[in-house]
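The values are calculated or read from the model by the stated rules, or taken from the named source; none is laboratory data. None of these values were measured; they are calculated from a predicted model. Please note: Cβ atoms are built from the backbone with ideal geometry, for glycine as well, and neighbour counts cover all protein chains shown.
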Amino acid sequence: MSTLVLFGRPASGKGTLSQHLSEECGYQACSTGQAMRTWAEGPSAEQIALRATMARGDYGSDELAVRIVREFIDTLPDHVAGVILDGFPRDLAQLDAWLATPADHGTAVIVDTPEDVCRDRVLGRMICPACGWTDHQPETACVRCGSTLQRRSDDGDEAAFAHRLHDYDTRVMPIIEAWSRAGLPVWRIDGTLDADELATEVMRMLDGLADSLIPA
């Protein structure tokens, strides 16, 4: 089972890529926060302690987060082609804990999209509150489930978007650089491609025919 670790600026196209991998390629997305919340529902003292920690708005230790993600991956059914990690590792300490585990660490996939393109996408982005589908078209209804699309509360806020870009540069870029220094595979994919072209590039990558992908 392959593990893809997605990186990219806000509105880079990671959501589109994750949707395609999930719906067309048999991948399973792992939300670290959701995995931790699910794990914390258990009866053990450690699970109860994490539940209390998260109720305070805090996270568990990096080592525990890594263990929970590993357990999520290890318990996936055999028919799942691979797992998608988005937003994990969240910092260098968590990356160090991830690299310390004696298992496949995955392939980093950077959805490389210029800041101005990301900004334009954010201003026009609509999200389905029911199924999570993201669209940049003017339709008011989700093409997948028919629910009314909504704008994320901070998508029209230029200052909030600038803060998210700054967070990517200062927190996420060092993770990518450390990942590459560790000798792990890193690929870049052109985030300006439309959905169909992006899907084609993804399939080429997954098939090992990544002629048009650029090694980082």
- Note down all Cβ pairs under 8 Å where the first residue falls in segment 111-133 and is closer than 19 Å to residue 86 by Cα, the second is aromatic (Phe, Trp, Tyr) and part of a strand (DSSP E or B), and they're at least six residues apart or on different chains. 111/7
- Message: I want to confirm something. Restricting to segment 131-146 and keeping residues that are surrounded by 14 or more Cβ atoms within 10 Å (Cβ to Cβ) and assigned to a loop (DSSP other than H, G, I, E, B), which single residue is modelled with the lowest pLDDT?
- Response: 136
- Would you be able to tell me the number of residues in segment 97-130 that are among the acidic types (Asp, Glu) and either part of a strand (DSSP E or B) or over 19 Å from the mean Cα position of the chain (by Cα) (or both)? 3
- In segment 1-96, which helices (runs of 4 or more DSSP H) lie fully inside it and hold 2 or more residues that are in contact (Cβ under 8 Å) with a residue 12 or more places away in the chain and acidic (Asp, Glu)? 62-74
- Please determine, by comparing only the residues of segment 79-102 that are among the small types (Gly, Ala, Ser) and in contact with a strand residue (DSSP E or B) (Cβ under 9 Å, 6 or more places away or on another chain), which one is modelled with the lowest pLDDT. 87
- Considering every residue within segment 4-19, establish whether at least one is out of contact with any strand residue (DSSP E or B) (no Cβ under 6 Å at 6 or more places or on another chain) and loosely packed, with under 15 Cβ neighbours inside 10 Å. no
- Can you name the number of the only condition in (1) of a type in the set (Gly, Ala, Ser); (2) surrounded by fewer than 20 Cβ atoms within 10 Å (Cβ to Cβ); (3) over 22 Å from residue 174 (Cα atoms); (4) in contact with a helix residue (DSSP H, G or I) (Cβ under 9 Å, 6 or more places away or on another chain) that residue 57 fails? (4)
- Message: I'm trying to understand the selection: among the residues of segment 57-99, which are of a type in the set (Ser, Thr, Tyr) and under 27 Å from residue 207 (Cα atoms)?
- Response: 75
